[in-house]
Structure formats: C-alpha cells, structure tokens
Amino acid sequence: MMLLRELLETHDAVAILSEKMATRPAQVNLRAQLESYLQLSFIFMNDTHERAKAYHVDSVLKKIELYKYMASINELSRTQSDVLINNLETMLSNAEYIKIRDLIRNMRAKHNQQYAPWYKAYDANAKNLKELANIINRDDTYKLYGPLSKYAHGFMAMEGVQIDSDKTPAIRPLRLPLNYVDILNISGILSADSIRRVYSYYCTNWQNSFGLWYNFWSSEVEKFDHDFSAIKFL
C-alpha cells in the first residue's frame with residue numbers, strides 16, 4: 001500500500017534526524033507521519049479496498065494540479081506538462097479508478113473546495129484532520145498533532161534565530177537533544193501498528209515475518225491507545 005510506504009519512509013527520516021539530535025525537523029516529519037497514520041486508520045475502518053484506491057487517486061489528482069502549476073510558472077514547458085497530465089488522466093480513466101475520481105472531483109466541486117481532503121468524499125463530517133480523528137476515535141492521537149504543528153508552520157521560527165554580541169542575526173544550530181527518545185518511540189509505534197494493520201488485512205501468520213522487531217513494539221502499541229499524559233514537546 002502506497003500510504004504505508006510513505007509512512008515508513010517518514011519513519012526513516014525521523015530515525016535519522018533523531019540520531020543526529022535534530023529534533024526540530026524530526027518533529028516536522030513526525031507530524032507528517034501522524035497525518036498518514038490517521039488516514040490509514042480511516043481506510044481500515046470500513047470499505048478498506050475502496051478507500052485505499054481513493055488515497056491513490058487523490059495522490060494522482062494532486063500531481064495533475066502540481067504539473068499545471070509548474071507549467072504556469074515556467075518550471076515545465078506546456079508540452080511537458082500536457083504529456084504528464086494526459087498520462088495521469090489516462091490512468092484515472094481506467095474502469096477501476098474512474099468512479100472514485102469522479103466522486104472526489106464532484107465532492108470538491110460541490111463544496112467549492114479545490115483542496116478538500118479525499119476522505120471527505122466518504123464522510124461529509126471529515127472536513128479536516130481533527131474531524132477525521134474524531135470519526136475514527138483517535139482524538140488522543142490528534143492531541144500530539146497540534147503541538148507539532150507549530151514547528152511545521154513556522155510558529156517557532158524565531159526560536160531558530162539568535163543575536164550575537166554585535167546585534168547581528170545568526171542561525172541557531174538545529175541540533176537539540178530534547179525529546180528525541182519520545183519522538184523516535186512514537187514514530188516506531190506508529191510504524192509498527194501500521195504494519196500490523198496492513199499485513200493482518202492481506203496475510204495470515206504475518207507476525208512471523210517480523211520476529212523480534214514487532215514483538216518489541218507490540219506492547220508499546222497497546223499503550224499507544226491509552227495514555228499520552230507523559231508526552232510533552234518542548
């Protein structure tokens with residue numbers, strides 16, 4: 001599944017950045033991982049195969065919009081963008097995807113929201129990630145998302161700037177050991193639980209393929225559903 005691959009690739013980024021004590025950019029990647037995790041949870045809540053295809057279709061639709069934009073600012077020639085867009089539109093015209101493509105496009109047109117999330121096509125109340133978390137009973141998971149957003153959106157940008165004795169701005173080093181263990185642990189838990197969901201859907205006795213790695217994280221996954229009180233981002 002494409003979403004699982006993206007989630008695990010983000011975990012790799014979190015692990016590498018945490019190893020280097022670069023916790024601020026690691027938190028930004030953890031936030032992206034939480035976005036993927038909540039969407040994955042929604043996919044496995046109901047109509048799994050259909051919703052998984054919808055995520056894929058939405059990714060293609062986003063690429064189409066990207067190529068249109070790149071052509072508008074001359075990052076791509078019109079000929080190049082037309083070829084790329086035509087190829088993607090041909091893919092979405094496949095019988096397997098055309099119904100889902102129209103469902104998402106019609107939902108966005110109906111609400112006049114070009115960038116409305118794909119999952120709103122399956123639940124009108126899922127207007128954003130916070131509402132999605134509520135629908136899938138993951139409100140506690142979303143409590144982690146909010147504090148991480150201040151880094152992703154640059155609310156803490158001034159944290160990265162310091163003034164030396166000559167009153168000259170200077171960039172503060174990104175290396176900061178605060179919270180790196182919590183960040184890495186949460187990322188590992190998200191990854192382990194996501195693997196469990198996907199492989200248990202498609203396979204039997206899949207745990208044997210992961211051995212000690214999954215056994216290590218499985219107890220942490222159980223805790224993940226219950227207690228966030230000890231986790232704070234500084």
key: Of residues in the stretch 118-131 being touching an Asp or Glu at 6+ places or on another chain (Cβ under 8 Å) and assigned to a loop (DSSP other than H, G, I, E, B), the one nearest to S59 (Cα to Cα)   = Y122
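For the subset of the stretch 76-100 comprising residues that are assigned to a helix (DSSP H, G or I) and among the aliphatic types (A, V, I, L, M), which member is nearest to the chain's Cα centre (by Cα)? Spell out the reasoning first.
Pass one, the stretch 76-100, residues assigned to a helix (DSSP H, G or I): 78-92, 98-100.
Checking which are among the aliphatic types (A, V, I, L, M) leaves us with 83-85, 88, 91-92, 98, 100.
Working: V83: 29, L84: 25, I85: 24, L88: 22, M91: 24, L92: 23, I98: 25, I100: 21 Å.
In this case the residue turns out to be I100.
Filter the stretch 40-53 down to residues that are part of a helix (DSSP H, G or I) and more than 15 Å from the chain's Cα centre (by Cα) and give me whichever is nearest to L132 (Cα to Cα).
Residues of the stretch 40-53 that are part of a helix (DSSP H, G or I), as a first pass: 40-43, 48-53.
Remaining after also requiring more than 15 Å from the chain's Cα centre (by Cα): 48-51, 53.
Numbers: T48: 16, H49: 18, E50: 17, R51: 14, K53: 18 Å.
My answer is R51.
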ask   = Out of (1) within 21 Å of M91 (Cβ to Cβ); (2) touching a residue at least 12 places away in the same chain (Cβ under 8 Å); (3) of a type outside the set (F, W, Y), the odd one out for H49 is which?
value = (2)
key: Residues being closer than 15 Å to A54 by Cα and free of Cβ contacts under 8 Å to residues at least 60 places away in the same chain - total across the stretch 92-122   = 21
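Quick note: the coordinates plus some simple rules give every number you see, no bench work behind them. In this text the structure is predicted, and so the values were computed from the model without any measurement. Quick reminder, even Gly has a Cβ in these numbers, built from the backbone with ideal geometry, and neighbours come from all protein chains shown.
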